[in-house]
Structure formats: C-alpha cells, structure tokens
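Encoded as structure tokens, the structure appears first; notes follow it.
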Amino acid sequence: MKKLGIWGLILTLVMGILAACSSDSGSEASGESSDDHVTLTWYLIGTPQPDLEMVMEEVNAYTKEEINTSIDLKLLDWGEYDERMQVITTSGENYDIAFTSSWANNYALNARRGAFMPLNDLIEEHGQEFKEAINPAFLEGAQIDGELYAIPTNKELGQQAVLSFNKELADKHDLDLSSVNSIADLEPLLEVIKNEESGVSPIATFDAYLPFDSILNEEMPFAFRLDGNTDEVVNKYAEDVTMETLTTMHDYYKKGYIKQDAATSTDSWPLETPNWFVRKEIYQPYAESIWSRTAGYEIAVRPLHEPYIFNNSVTGSMQAISATSKHPERAMQFLNLLNTDPYLRNLLDKGIEGTHYEENEEGMITDLPARVESFNMPSFAIGNQFILKLYEDDPADKWEAFEEFNEKSVPSPALGFYFDSNPVRTEIAAISNVTSEFSPALLKGAVDPKEYLPQFNQKLEEAGMQKVIDEIQKQYDAWKSEQ
Amino acid sequence: MHILLGTFAFLCVFPFIYVIIISLSNEASLAENGYQLIPEEWSFEAYAYLWQMRAQIAKAYGVTIAVTVLGTIISVAIIALYAYAISRRQFIYRKQFTFIAFFTMLFSGGMVPFYIVMTQFLDLKNSIWALILPMAVNAFYIIIMRTFFMRTVPEAILESARIDGASEWRIFLTIVLPLSIPGIATIALFSTLAYWNDWFNALLFIDDPSLVPLQSLLMRIESNMDFIQQNSMLTNQNSSILNSIPQDSARMAMVVIATLPIALSYPFFQKYFIRGLTIGGVKD
C-alpha cells in the first residue's frame, strides 16, 4: 500500500501539472473578428541583426495602419535554420509565416507532410495584387499536385551555370575568352596560366557542369535530360556526356590545373584572393559587376548553357503559411502587402532612410555605415525583389534585365514535378551513401572516370537504383498525363 | 619515463597551441597556403575583428558566466540534496527515488517532446532558465554523490549528531557537506564545464540575440560557415552574407577567447578532482 501510495502521488502531480498547462493554452483560439489586432510570428533565415527591433517598430506602425497587424520577426541563423524549423514543425508549435525553399526548410517535403497551409483559395481572396506582380511561371512551377503551399519570391527565374574568369590574368596573357563555351574549351587557356603563373591554381575547384535536371539533389544519379528524350528518367552517371565531361576534368587534374586535394577540399576560394583563374558560378543579370565589386578586380563570365527553369530555381526563396497558424488570412494579407508595397518591402530590406541609407533625387540609394554593420538583411529571402530601390552604382535597368532574363529562360521538362520519395526510402538511403562516396571525387576530376564510373554504377545498381528509377518514372508519367 | 610523459603532455596541449598560431596568422596567407605551423605572415587582424564585435561578445560572455555560475550553484544544490536523501538508510522511499533518477539514464523522451515541454508547458523559450534548468539535474552525478556520501560520512557521526539534538538540515549543512567537499567540488567542476560548453539548449530555445551564450555564438558562426560553403550559389549572388561572417583566423581567435578562461581555471580544481572522483567512482 505504501509503495502504491508514492507512485500514485507522483502520477497525480504530473497529471495535475499537465492538465493545468494544457487548459491554459487551449483557450485563445476561438472568437476572432477581422477588426481585431493580431500579431503574426514570422521565421526568416539570416543572421540576427542588432537594429532589427528599431526597424520592426516602423514596420509595425505601418502594417498596423494598413491591415491592423503586427509582425514578430524572428531571424534564425543560416546554419541552424533547417534544424530549428524541423523541431518547430514537428512539435506543432504555433507560428504564422516561415521562410522555405529548395535548400533550407525543404518546401516540397514540408508541403507533402502537411506542415504548410494550402494557399490557392487564400491567394484568390487576399492575394490578387501579388498574383499580378509575380511572373506566372513561379506560381505554375511551385505547385505541388495542383496546390501552391508557399508564396515564391519574384526574382531571377532561370538557373544558368557560368564560368567566371579572373579577367586581369586573361588580359595579361592575352587570352581570348569569347571562344569558351564549355569546360572542354578551357584547355589552351589553362595551359598558359599553368605555365606562366606560379602562385595561381588555374581552376578553383568546382563540380563539373552536367546538362541534367536532377531529382532529389545535384549529386544523386536520378535526372531528366535537358535535350533528346526528355521524358525518360535516367541515371546521369551512365550517360555518355557525363563520361566525356568527367574525362576532361580528370585530364585537367592530371595536368595539374586542379588542386591536388580537390576530392576532399572544402576551400571556399574567397573572391578577394586572386589565386585562381576560372571557377563555376550560378548567374543572374549583372552578377559579374557584383562579383567584381566584391573581388576588387574585374571578373568576366561565359555562360555554359541557356538559363533553365528548374524546380529548384522557382522554389529558391518562398514564404509559407503554417498549418498551425491561427490567422492565415491576415498572414496572406501581410504577404500580399510585402510583395507589392515598395515602402514596406524597402523598409524591411534596407532599413530606415537617413539611418541606414541615403536617397538621392533620382531615387537611387547609398548604404550608410549603420546598414552594413547592423542591418544586413538577406534581401533575396524576404520577398519581391523587383520593387527594391537600386543602389547608385547599380545599372539603371537592373530589374528590366531580370525580366528579360526571365523571358528567355527555358522551362525544364520536369518543371513542376515533385517526386514523393516515401515508397523507396530505404533504397534512396543506400544510394545516397554510395553517391557520397564516389561523386565528389568524380565530379571534381580527382579520379579516372574510365575506372571509377563503371564501379560507381555497379554499386548504384546493387543499392537498388532501378527500383527508384521505376518509381520516379511511374510518378512522372502519372503527373505528365495530368498536365 | 619523463620524456614519454612530457611528449604525451605536449601532444595534449599542442592542438590548442596550433589554434592560437592560426588565430595569429594572416588571412590571405591562410587562404593561399592553408594552416601552417609557422605562418608566413603574423597578424593581429583576427583579434581586431573580434574587438569590433566586442559588444556582442561581451554580452555572450555575460550570459555564459551568469548561466555557469547560477547553473552550477543550482545544480550542485539539487544534486547534493537529492543524493543525500537517497543515501540515508532511514529514508523509506529511497529505493523509489533512486529508481526515478536511474530511470532517466536509460530512457529519454527525445528532442521533440523535450522541446514541447520546454516551450509549451513551461514557456521557457527565450528565457535564461532554458539554459539552466535542463541541465540542473544529472542522474549520473546523483549516483556518484550518493555513493560518496555513503562512503565518506560514517553513520556513527550522524547518529551522534542526532543524539545531540541536531535537526536534519543542520546535520546536512554543518556535518555532511564539509566532510564531502572533494565530492561536491568534483560535481561542481563537471557542472561548470557542462554549462560553459553548452550550446545546444541555446540552439533550441534562444532567438533573442542578447541571450546567446559564447559557445553558441561560436557554434552559430561555425555552422553558418559550413552551410554557406555547401550552398555556394547563395554567396555568389549575395556576397554580403559571406562578409558578415568571420573568416578562418577570426574563428580560431574566438575559440581561444572562449576556451582560455575555463582552461585556466582547471588547475585550481584539480586537487579536489582527483580525490573526489576516485572515491565517488566506487559503486556499491
């Protein structure tokens, strides 16, 4: 009896605490009219900024007036955003808006899991202005099974890999960059650099560009071809073009154009240090002038292909409304305002005029020290970029150039197809292990593809690759027939 | 023998010396040559950079010290009281309470339930208590302390104190505690180290920049760096992101200032440490 007594006591205590707590939190939800003032919690990626509070006061004064809403903006650091959002989502915590994308707080995964609210109706009702402001390809490509789960940011639509060159070195040795259209064209240039410049690595370690739209992620073997038979899922490591490209890369490696530690190195090759000749980057209009400014010397670019619209590029930066949100309509109203109202958008991005930046008569701006030091916001992650003010040294037609770039971007065959990996999870885990063993060394040219590609494919086969390819093909065909 | 031990000691200290050397290297020469034992060019740039961040670092230091001091006191108090109670044979529920403590060593609820309890039931998000309370009780230390009490404090002393009319509190505070200083000091050191090095609780529960402890600040910088390297397409277009994060030498300089104080305090604990651990280590 005594024994039972103490356990009983503990049990009652615990239950009591739980009951007391849960009854508190349950009572808020009901009874809200559209006139009530609400506060929205918004999680955004980016390093917390010292002046955030000051700017948010201004933001809230404005949003209160416009839509009777305040914003509680929480910046979570780059490196921990993913993990934090995962815990927050799984714990069912109540929040309203969160940043999501293909590379952080995974959009497709969370949408499928039911963490985000479906938005089609909400946009119809409260997002008309936003719908007009954004390139329709974003709304089209970001839909999962016909439903949009987050609002894409209006930005560059296509993705284009380019080779960028240290122009000073090119000029010094009189190298003709205009002839370079592929990695194979680099050979004569690299040879000159290798022979003439001792402290320079001709190639700043990069992964070879392969013309595929990859499913899951860039390193995994599953992909669609960008030309030829584009409706077929293939193992990109079994394609001829891969063998060719990797052979070229390995040839460069043997000739010493690529650093010896390429396979394992995590060097970030800072632009400020001019110890490289060519590197691979993702382009957007006028990127070369931004890079040149960062580097402190001139950088030239050569495109490797036309800009393609991938799932990754349309879902590169988005805001989702949480399924746990108590004020989804208000959240949609706010996102609509954020993406269409230049004053609000610039305030969140650039800070307060006079404190964080100065504006001249033509409406061009210059950063003041306060913005660089204490209000350095991740501009591309917040919302519509095309209503941002331009800097004095920006080209005046910057946003026009973006629109033009978007116009000429070519949709990838699998744009809008999101693979549900649940049926083949075990195989994917095994394949991912094999991939991370082989692909870094192969893609960076550090090993001979003639020897290692067959081995790699053999192991992929053993890990159950065919089953995954079949599953992707099945889902793709089903998706395609609905288009 | 001395040479052997000396070499071993040097090997232990060497990584730290290396970190100091890197923190004093010139950033450009790091980018070109990688880490070198004797850098081509010495530079105090990294520390100058940290000096710019001094407001943030000072705040983080303040949080870390507050959490460590407060946490150690709370933790030691709870552990000592709990362990003392279950070390006394007269306490009839000692088996149950020992089991409750022991049980937590075998099973844990997992991260998500932990997060839910902390944020939704206890409402500790963005509170300094979120950094202190989760680590206040450690079942393993309770069991070490219990054994320590049973070994070092003879039943006869407690018996005679009781005959002289001392209350339970008085016995605990004036007789048991002074006799157990080595044990207390040991768990105090463990707690201090644990609190000083903790970054995970801050990762989960702290959004407010003014409540971020030092190790967590360091951890954030490190993980940002990793993240940005893996997602290089971000930095290509948004070079300001990379600029806002310290480079190699500055990161090493942060390691130095985050580790030095605790490393220097270590020798002062050491004499208790040896005695306390050997006695407490014997289980029965």
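The values are calculated or read from the model by the stated rules, or taken from the named source; none is laboratory data. Keep in mind that this is a model prediction, so the values were computed, not measured. Virtual Cβ from ideal backbone geometry, glycine too; neighbours counted across all protein chains shown. Keep in mind that these areas ignore ligands, DNA and RNA; they rest on the heavy atoms of the full protein, side chains included. Shrake-Rupley method; radii C 1.70, N 1.55, O 1.52, S 1.80 Å.
Listed by chain and number, the lysines placed with their C-alpha closer than 24 angstrom to that of residue B:271 are B:283; residues fewer than eight positions away on the same chain are left out. Using the Karplus relation 6.51 cos²θ - 1.76 cosθ + 1.60 with θ = phi - 60°, the per-residue 3J(HN,Hα) values for region A:298-303 come to 7, 10, 10, 10, 10, x Hz, with x marking Gly and Pro. Label sites at residue B:229 and residue A:94, each approximated as a point 7 angstrom past Cα along Cα to Cβ, lie 4.2 nm apart. When you restrict to C-alpha pairs under 8 Å that are six or more residues apart and normalise by the size of chain B, the relative contact order lands at 30 percent. Cross-link reach is defined here as a Cα-Cα straight distance under 22 Å, omitting same-chain residues fewer than 8 places apart; for residue A:326 the lysines meeting it are A:64, A:74, B:125. For chain B, the membrane-span-like helix rule (DSSP H, alpha carbon extent of at least 30 Å along the helix axis, mean Kyte-Doolittle at least 1.6) picks out B:2-23; this says nothing about an actual membrane. If one takes the longest principal axis of the Cα atoms in chain A, at what angle in degrees, from 0 to 90 and to the nearest 10, does the Cα axis of helix A:187-196 lie? Compared with the principal axis, the helix lies near 80 degrees. The separation of region B:53-97 from region A:251-319, counted between C-alpha centres, amounts to 51 Å. For region B:115-204, the C-alpha radius of gyration sits at 1.46 times the compact-globule guess of 2.2 N^0.38 Å, with N the residue count.
Think of it as helices only: each DSSP H run of n ≥ 4 in chain B is worth -39500 (n - 2.57), and spread over all residues that comes to -22500 deg cm²/dmol at 222 nm.
Each 5 Å bin from zero up to the one holding the largest Cα-Cα distance in region B:1-43 carries the following percent of pairs: 5, 24, 23, 14, 12, 11, 7, 3, 1. Starting from the Cα of residue A:240, step 7 Å toward the Cβ, then list every residue of region A:428-442 with an amide N under 13 Å from that point. From region A:428-442, the list is empty. Considering helices alone, the calculated mean residue ellipticity of chain A at 222 nm is -13500 deg cm²/dmol, with DSSP H runs of length four and up weighted by -39500 (n - 2.57) and normalised per residue. Report the far tail of the P(r) of region A:328-409, meaning the percent of Cα-Cα pairs longer than 16 Å. So the pairs more than 16 Å apart make up 58 percent of the total in region A:328-409.
The share of alpha-carbon pairs in region B:54-278 lying farther apart than 24 Å comes to 56%. Under the combined filter of DSSP loop state and at most 11 neighbouring Cβ atoms within 10 Å, region B:71-143 retains these trypsin sites (Lys or Arg not before Pro): B:89.
For region B:1-43, relative contact order (Cα pairs under 8 Å, six or more residues apart, normalised by length) works out to 35 percent. The mean number of partner chain beta-carbon atoms within 10 angstrom of a residue's beta-carbon across peptide A:78-85 is 6. Structure note, pairs A:194/A:450; A:172/A:194; A:350/A:398; A:236/A:459; A:254/A:444: Cα-Cα distances above 19 angstrom occur for A:194/A:450. What residues have an amide H closer than 5 Å to that of residue A:384, excluding those fewer than 5 places away on the same chain, when H is modeled at 1.01 Å from N in the peptide plane? Answer set, sorted by chain and number: A:154.
The HN-Hα couplings worked out from phi for region A:393-399 by the Karplus form 6.51 cos²θ - 1.76 cosθ + 1.60 (θ = phi - 60°) are 8, 6, x, 5, 9, 3, 6 Hz, whole numbers, x standing for Gly and Pro. The residues neighbouring residue A:317, those whose beta-carbon lies less than 14 Å from its own, together hold a net charge of 0 under the Lys/Arg +1, Asp/Glu -1 convention.
Residue A:353 sits among other residues whose Cβ lies under 13 Å from its own Cβ, and their net charge, with Lys and Arg +1 and Asp and Glu -1, is -2.
Relative to the longest principal Cα axis of chain A, at what angle does helix A:425-443 sit, 0 to 90 degrees, rounded to 10? It is inclined by approximately 40 degrees.
Angle of helix A:328-340 to the longest C-alpha principal axis of chain A, folded into 0 to 90 degrees and rounded to 10: 40°. Counting every pair of alpha carbons in region B:139-189, the share spaced more than 19 Å apart comes to 27 percent. Across chain A, C-alpha contacts under 8 Å between residues 6 or more apart give a mean separation that, scaled by the residue count, equals a relative contact order of 23 percent. Dividing the Cα radius of gyration of region A:376-483 by its Kirkwood radius returns 1.15 for Rg/Rh. Couplings 3J(HN,Hα) of region A:165-180, computed from phi: 10, 6, 5, 4, 5, 4, 5, 4, 9, 6, 8, 8, 7, 5, 7, 8 Hz, in residue order, whole Hz [Karplus 6.51 cos²θ - 1.76 cosθ + 1.60, θ = phi - 60°; x for Gly and Pro]. In chain A, carbon and sulfur make up what percent of the accessible area (probe 1.4 Å)? Carbon and sulfur atoms account for 49 percent of the accessible area of chain A. Peptide A:146-159 shows a mean partner chain C-beta count of 0 within 10 Å per residue C-beta. Charged neighbours of residue A:164, selected by a Cβ distance under 10 Å, balance to +2 (K, R count +1; D, E count -1). log₁₀ I(q)/I(0) of chain A at q = 0.08, 0.09, 0.11, 0.13 Å⁻¹, via Debye over equal Cα point scatterers, no solvent, to two decimals? These q points yield log10 I(q)/I(0) values of -0.59, -0.74, -1.05, -1.35.
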